[in-house]
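Here the structure is laid out as structure tokens; the discussion comes afterwards.
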């Protein structure tokens, strides 16, 4: 009964637009009271939640730093540079392909699906609509692209959440994400290239976006430095948190010394987000970021982390874990992962909660010692499937930002091609092993 009320609360928040945090906090309270009614001491229940809070805190710190860095990038001119350079690469007859590629590259550089949708996604849907490209096609390409970056970027809090919950090496996990993306990414690119033939495009409407050059000095090659810094963890022993912090510091310096912002303004941006008192529709697209903008996702991730260990203490997860383990034995592990990912994406109503719920469900499918496989399974299921569920924030938020329809999920090829390709590959491997 408590579980049903919790799921109902999640759906109510998703439909009404209320913060998902309300349902999560209510769920924690209800499950805690259920434990007390069963005679479990309050101290034991609190102690069961502590490991979840600790795991969440790792991700919360990164989310906080990314918020500050995102605002600093906007003020430094890096965001404008990425947009202007990216849009200059568009080949009109292949607009949908380039929409997918640009969103993929932008999300990979930014590490945020919402951030990529807010900047590159809004620009592309605006250009596509003006040029009378089917908005379902454009929205699908945008969704595919932003979640490619969200899944595999060094700056992605979602990728860090997966490796943290699975207790896998983060760098190795990201390499696995890139390797597993090759075939579905290429297939998606081909599909968008073919679909572009059905979406004629008028290139003249892209020129308005180039007005961003009037607000920033984009000729200085040092503007690329903050972007280069965030990739240092891939080649050095510098931690992700340190690289993000250094990138933000350099971006603030560029904002002051290259773009001419006052030091107080540049520092204010870190907290409240990039904003200038200029009424221009193109510049307005870059507004955002900052620590304040990350408070809600930080709270959701932090408190969501306590749910799985609390449910484990109550014994709620054990029956599902056993069923998934039997499914894995009859078929192969990824089939169980896909089933659990679909379930948690449907009931989780947010990507982070779906991952938090799925991770403990796979404990028997991927026992200790198979952490890397577990991380790969999480990254190939709930991370992407959440963005195909209309009431899940992972789909609802980007579509709300770009003004898209849930029907565009049918054209978000990458989101379902990757799980299907992985399912086929793992199935073939299991069949070969059994011989």
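Out of 201, 216, I need the residue that is under 30 Å from residue 134 (Cβ atoms) and outside any helix (DSSP H, G or I). Which one? On inspection, the qualifying residue turns out to be 201.
Quick check on region 386-435: of everything there that is assigned to a loop (DSSP other than H, G, I, E, B) and touching a residue at least 60 places away in the same chain (Cβ under 8 Å), which residue is nearest to the chain's Cα centre (by Cα)? This residue is 392. Is there a residue being modelled with pLDDT of 90 or more and in a helix (DSSP H, G or I) anywhere in region 14-26? The answer is yes, given that some residue of region 14-26 is modelled with pLDDT of 90 or more and in a helix (DSSP H, G or I).
Residue 109 meets the conditions (1) more than 14 Å from the chain's Cα centre (by Cα); (2) under 15 Å from residue 146 (Cα atoms) in every case but one. The failed one is (1). Condition check for residue 61 on (1) surrounded by fewer than 20 Cβ atoms within 10 Å (Cβ to Cβ); (2) within 18 Å of the chain's Cα centre (by Cα); (3) free of Cβ contacts under 8 Å to residues at least 60 places away in the same chain: one failure, at (3). Residue 233 meets the stated requirement of being at pLDDT below 95, touching a helix residue (DSSP H, G or I) at 6+ places or on another chain (Cβ under 6 Å) and either in a helix (DSSP H, G or I) or closer than 24 Å to residue 123 by Cβ (or both).
Taking every residue in region 90-108 that is at negative phi and surrounded by fewer than 21 Cβ atoms within 10 Å (Cβ to Cβ) and pairing it with any residue that is modelled with pLDDT of 90 or more and in a helix (DSSP H, G or I), at least 6 positions away or on another chain, the pairs with Cβ-Cβ distances below 6 Å are 90/98; 94/193; 94/196. Of the helices (runs of 4 or more DSSP H) entirely within region 238-349, those holding at least 3 residues that are in contact with a helix residue (DSSP H, G or I) (Cβ under 9 Å, 6 or more places away or on another chain) and surrounded by 18 or more Cβ atoms within 10 Å (Cβ to Cβ) occupy 240-257, 263-272, 295-304, 307-314, 318-330, 333-348.
The values are calculated or read from the model by the stated rules, or taken from the named source; none is laboratory data. In this text, all values refer to a predicted model and were calculated from it rather than measured experimentally. Positions of Cβ are generated from backbone atoms using ideal geometry, with glycine treated the same way; all protein chains shown enter the neighbour counts.
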